[in-house]
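Here is the structure we will look at, set down as structure tokens.
The values are calculated or read from the model by the stated rules, or taken from the named source; none is laboratory data. Predicted, not measured: the structure shown is a model, and the values here were computed from it. We place every Cβ from the backbone using ideal geometry, glycine too, and count neighbours over all the protein chains shown. With ligands, DNA and RNA removed, areas are computed over all heavy atoms of the protein, side chains included. Shrake-Rupley method; radii C 1.70, N 1.55, O 1.52, S 1.80 Å.
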Amino acid sequence: MTNTSIKNRILVPLAIGLFSLLVIFLASLFWIERSNIKQRVERQFKSTEHYFYSQLENDARLFSGMLETIMNDRAIQAALKAGDRKALLSHTASLFKRMSFYHPVTHFYFSDAQRINLLRIHQPDRYGDRIDRFTTLEAEKTGKIAHGLELGPLGTLTLRVVAPMSVDGKRIGFVELGEEIDHITDKLKKTIGVEFIVHIHKKFLNRSDWEAGMKMLGRTYDWDRFPDVVLVQQTLPVNPEALTKFFTEGSHSLGANDKEIFSQNHRYRCRSLAIKDVKGVEVGDMVIMIDVTGQVTNLYYTMGVIAIFSILLGGVLFFLLHFFLGRVQNQLTTDQQKIIDLEKDNTRMESEAKFYSVAQSMNDAMISSDQSGKINFWNLADL
């Protein structure tokens, strides 16, 4: 048996076994850590969804309290009852500034008893149209404050809170406060650390109205960029190619399934949160983007360190084992050669002893013959 065969019989199976264990360990580590990342992402998704709807409800309660104060103001009551736009603007302009400074109020309306808009404090030049939104109709029907998320003709998502105003039991009109949801997503980004892409389904919008609205609001717009949705808000400047691919492939409708977006050397896990209006109609989606770059990088770094350390340690152990086996094999070879040499010596000595024994026997026989009087022509002992 050669040195190579002995080492192969020991080292090759050992190497295969240890390599298999390393692969199994790294695969297990990868699966466990990916599962942990998925669980952390899942918790962030749920926290984001809960925070979003909780914030909507909190703001609705806040606006309801503001409306109670406004409705009890006698000067405002008199101005609305008289349909006096100037008096209304005079009494509410400073109030709107204060509310906008301390709270995210973006809309402030007054309408008469027939729902004809009398004054938009945030846009005084726009008035005279009939308000047929669900929240206003609900307040008219129930006689109570109504609230809900509604999609405006400009493609804006607005939380609207509408209260019917009455004097001496007679309806004199409606007052409404509203806020766009941008500030909620900004809060979510700061509080939970997630990014957002908000989009609306085109089927609920009129192209010309939407483009005019975006232009008026000073926002960028591109109706033809995506096949079935328009982008209305994003908290992160996502790589345009990645975003186009995401929406073109329909990934924005992934629901509870996660998808990844790679942008600017960052990896984001994405999930869509359906945005439903007050009537329960799904008008758009909020794509929640969670940056998992650090977590995934740490996972790969840990696996790399373990793999390199294992290979180096295995290399050192294999070198030592190879050296040890070499010395053992050399000693075995030396001992084996000694045994072979000894066996050869024993065999030779046994052959010589046997030969001399036979020769001696024949010599003895010849001597016996001489003594009996026969002629001896040779002496076998000389052989």
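Filtering the range 29-65 to residues that are touching a helix residue (DSSP H, G or I) at 6+ places or on another chain (Cβ under 9 Å) and either free of Cβ contacts under 8 Å to residues at least 40 places away in the same chain or open to solvent by 30 Å² or more (accessible area, probe 1.4 Å) (or both) leaves L29, F30, E33, R34, N36, R40, Q44, S47, Y51.
Does the range 107-126 include one or more residues that are among the hydroxyl-bearing types (S, T, Y) and more than 11 Å from G173 (Cβ to Cβ)? Scanning the range 107-126, I find no residue that is among the hydroxyl-bearing types (S, T, Y) and more than 11 Å from G173 (Cβ to Cβ), so the answer is no. For the range 261-284, filtering for residues that are assigned to a strand (DSSP E or B), farther than 17 Å from Q44 by Cα and open to solvent by 10 Å² or more (accessible area, probe 1.4 Å) leaves 4. Take the conditions at pLDDT below 90, more than 24 Å from V167 (Cα to Cα) and either in contact with a helix residue (DSSP H, G or I) (Cβ under 9 Å, 6 or more places away or on another chain) or not in a helix (DSSP H, G or I) (or both) and apply them to F101. Does it pass? Against the criterion (at pLDDT below 90, more than 24 Å from V167 (Cα to Cα) and either in contact with a helix residue (DSSP H, G or I) (Cβ under 9 Å, 6 or more places away or on another chain) or not in a helix (DSSP H, G or I) (or both)), F101 does not qualify. You will find that of L154, L231, L149, the residue that is modelled with pLDDT of 85 or more and either open to solvent by 30 Å² or more (accessible area, probe 1.4 Å) or assigned to a strand (DSSP E or B) (or both) is L149 and no other. What number of residues within the range 1-37 are of a type in the set (S, T, N, Q) and at pLDDT 80 or above? Residues flagged as of a type in the set (S, T, N, Q) and at pLDDT 80 or above within the range 1-37 amount to 4.
Taking first residues from the range 168-186 that are at negative phi and partners that are small (G, A, S) and crowded, with 18+ Cβ neighbours inside 10 Å, the Cβ contacts under 6 Å between residues at least 6 apart in sequence or on separate chains come to F174/S111; V175/A163. If you go through the range 329-345 and keep only what is β-branched (V, I, T) and either surrounded by 13 or more Cβ atoms within 10 Å (Cβ to Cβ) or within 14 Å of A15 (Cα to Cα) (or both), you end up with just T333.
Kindly evaluate V328 against the criterion of being of a type in the set (A, V, I, L, M) and at pLDDT below 75. For V328, the condition - of a type in the set (A, V, I, L, M) and at pLDDT below 75 - is met. On the given criteria, is F108 at pLDDT below 90, open to solvent by less than 70 Å² (accessible area, probe 1.4 Å) and not hydroxyl-bearing (S, T, Y)? The answer is no for F108.
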